[in-house]
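Worksheet for the structure shown next.
Where a number appears in this text, it was derived from the coordinates with a stated rule and is not lab data. As the structure is a prediction and not an experimental result, all values here were calculated from the model. Using ideal geometry, Cβ is built from the backbone for each residue, glycine included, and neighbour counts are taken over all protein chains shown.
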Amino acid sequence: MGKHTPLYDMHRRAGAKLTDFAGWDMPIHYGSQIEEHRQVRTNAGMFDVSHMLGIELTGPDVLPYLSHLLANDVARLTQAGKALYSCLLDEDGGVIDDLIVYFFSALHYRIVVNAGTAAKDLAWIERQAADFDIAITPRHDLAMIAVQGPQARERVWQAYPGTRAVSESLKPFFAAFDGDWLIARTGYTGEDGFELAVPASQAADVWAQLLAAGVAPCGLGCRDTLRLEAGMNLYGQDMDESVTPLESGLAWTVALSGERDFIGKAALLKQAPRRQLIGLMLLERGVLRSHQKVHTAHGDGEITSGSFSPTLEQGIALARLPAAVAAGDVVEVDIRGKEHPARVVKPPFVRNGKILVSI
């Protein structure tokens, strides 16, 4: 039996199909995965993401520590509540994890890491802190609920009218405290919405209130198709410790210029990327899957994430291909021993309900 979030009993009572995800028993769907996907694209859906781990970082050395730890430049965060996406790298530039860091004050930040890497991340974060005057506090006392979709914010305000005052003016990638809640205008679906970090003891009541306000419960299955349509990487598939951000479509998250040194910088400066992470759209009926081989005029590559896109109604994928491959090229994907044509496109495929690629 896997670990359980504070919402596990709610999922069981709702008839969710549960599956193991990084050692947690999590809902994959509550019925129709495609319907859940469309609910998020057109209205509002909610996800239990309490298996992810928030880590509080406090103390006089927290900024120099994070400047050393993370590939993105945390010094850019100067407004309370501002968030930043970054990679956590090893000395060779490999991606240990991707995460979001929130700035609250010069003495207080919070980072949120992935469930499957949480123990590894925490050990690494603590090891790198030896020379810094900081305190590291894992927030196992919190639950997280992501409410996503064009109507997501309105549904949260309907369920909890008092939150509107502190969250209505939040710009994307900003967060604000409302008592012991953190309301962040972030997400992993390509749609607007909030991620709510609340005390674990309140999670079931929050879920029930959102459900009563018309927010559909959604599982990790549609979360994966939503993030793929949005061109968002999944750790362990699209990047890991064997590749750098420069070959994972994440160069934009790396602040290489300037004198700031960070773990992995020296390795990245020496790298001349020969591969890239780019999108594919299948030109025939079928579904693209991870690990399928891709043949191009410039050499072979591999699909890292693939699925059927409910919005586009065709197979899409992220693939690591030779750097010389360009958007518009047609490549061949090996599906069960047969070659199928696919067009190379620059992701994202869909954001904020809009199709951004030619079908």
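Just add up the charged neighbours of ILE335: K/R +1, D/E -1, any other residue whose Cβ is under 12 Å from the Cβ of ILE335. Don't skip to the end; give the middle numbers.
Numbers: positive: ARG285, ARG289, LYS293, ARG336, LYS338; negative: GLU284, GLU332, ASP334, GLU339.
Here the count lands on +1.
At q = 0.14, 0.15 Å⁻¹, what log₁₀ I(q)/I(0) does a Debye calculation on the Cα points of segment 14-151 give, no solvent, two decimals?
Treating every Cα as an identical point scatterer, log10 I(q)/I(0) equals -0.74, -0.82.
With only Lys, Arg, Asp and Glu charged, each at its Cβ (+1 for the first two, -1 for the last two), find how big the charge dipole of segment 274-355 is about the Cα centre; round to the nearest 20 debye. Intermediate values should be presented prior to the final figure.
Details: 12 positive and 8 negative charges, 56 e Å.
The dipole magnitude comes to about 260 debye.
Out of all Cα-Cα pairs in segment 274-355, roughly what percent, to the nearest whole number, are more than 20 Å apart? Kindly include the intermediate steps, with their values, before the conclusion.
Working: 715 of 3321 pairs.
The answer is 22 percent, as a whole percent.
Quick check: the distance between the Cα centres of segment 25-55 and segment 114-144, to the nearest angstrom?
If you average the Cα positions of each part, the centres end up 25 Å apart.
³J(HN,Hα) across segment 155-167 via Karplus (A = 6.51, B = -1.76, C = 1.60, θ = phi - 60°), whole Hz, x for Gly/Pro?
In residue order, the calculated couplings are 5, 4, 5, 5, 6, 9, x, x, 6, 5, 4, 8, 10 Hz.
Counting other C-beta atoms within 10 Å, which of GLU56, GLU195 has the fewest, and how do the rest follow?
Values: GLU56 17, GLU195 23.
Arranged by neighbour count, lowest to highest, GLU56, GLU195 become GLU56, GLU195.
Sorted from fewest to most neighbouring beta carbons within 10 Å, what does the list TYR30, TYR102 look like? Intermediate values should be presented prior to the final figure.
On the way: TYR30 19, TYR102 25.
By the 10 Å Cβ count, ascending: TYR30, TYR102.
Give the relative contact order (percent, whole number) for segment 163-241; include only Cα pairs under 8 Å separated by 6+ residues. Display every interim value, and only then the final one.
Details: 68 pairs, mean separation 15.7, N = 79.
Relative CO of segment 163-241 lands at 20 percent.
Rank the residues SER307, SER105 as a footprinting-exposure proxy: fewest other Cβ atoms within 10 Å of their Cβ go first. It would help to have the intermediate numbers written out before the result.
On the way: SER307 18, SER105 9.
Ordered from fewest to most neighbouring Cβ atoms within 10 Å, SER307, SER105 come out as SER105, SER307.
Each residue of segment 120-128 in order: what ³J(HN,Hα) in whole Hz does its phi give by Karplus 6.51 cos²θ - 1.76 cosθ + 1.60, θ = phi - 60°, with x for Gly and Pro?
4, 4, 4, 4, 5, 4, 5, 5, 6
Taking the Cα centre of the chain as the origin, how large is its charge dipole in debye, to the nearest 20, when only Lys and Arg (+1) and Asp and Glu (-1) carry charge on their Cβ atoms?
Values: 34 positive and 43 negative charges, 196 e Å.
Here the size comes out at about 940 debye.
Using the structure shown, select from LYS17/LYS82; LYS265/LYS346; LYS270/LYS338; LYS82/LYS265 the pairs with a Cα to Cα distance greater than 32 angstrom. Walk me through the numbers before you get to the answer.
Values: LYS17/LYS82 36 Å; LYS265/LYS346 26 Å; LYS270/LYS338 38 Å; LYS82/LYS265 24 Å.
The pairs that break the limit, which is 32 Å between Cα atoms, are LYS17/LYS82; LYS270/LYS338.
Under 10 Å, Cα contacts only: if you run a Gaussian network model on the chain, which one of ALA106, ALA326, ALA165 comes out with the highest mean-square fluctuation?
Sorting by GNM fluctuation, first place goes to ALA165.
Can you order the peptides 223-235, 332-344 by their average number of other Cβ atoms within 10 Å per residue, highest first? Could the numbers behind the result be given before it?
Working: 223-235: 23.0, 332-344: 16.1.
Going by the mean number of other Cβ atoms within 10 Å, highest first, we get 223-235, 332-344.
Placing +1 on the Cβ of each Lys and Arg and -1 on the Cβ of each Asp and Glu in the chain, which of PRO161, PRO60, LEU89 has its Cα farthest towards the positive end of the resulting dipole?
It is PRO161.
Relative contact order (percent) for segment 274-355, with alpha-carbon contacts under 8 angstrom and 6 or more residues of separation?
Details: 198 pairs, mean separation 29.1, N = 82.
Worked out over segment 274-355, it gives 36 percent.
If I take every Cα pair under 8 Å that is 6 or more residues apart in segment 226-337, average their sequence separation and divide by the length, what percent do I get for the relative contact order?
Working: 183 pairs, mean separation 30.0, N = 112.
Reported relative contact order: 27 percent.
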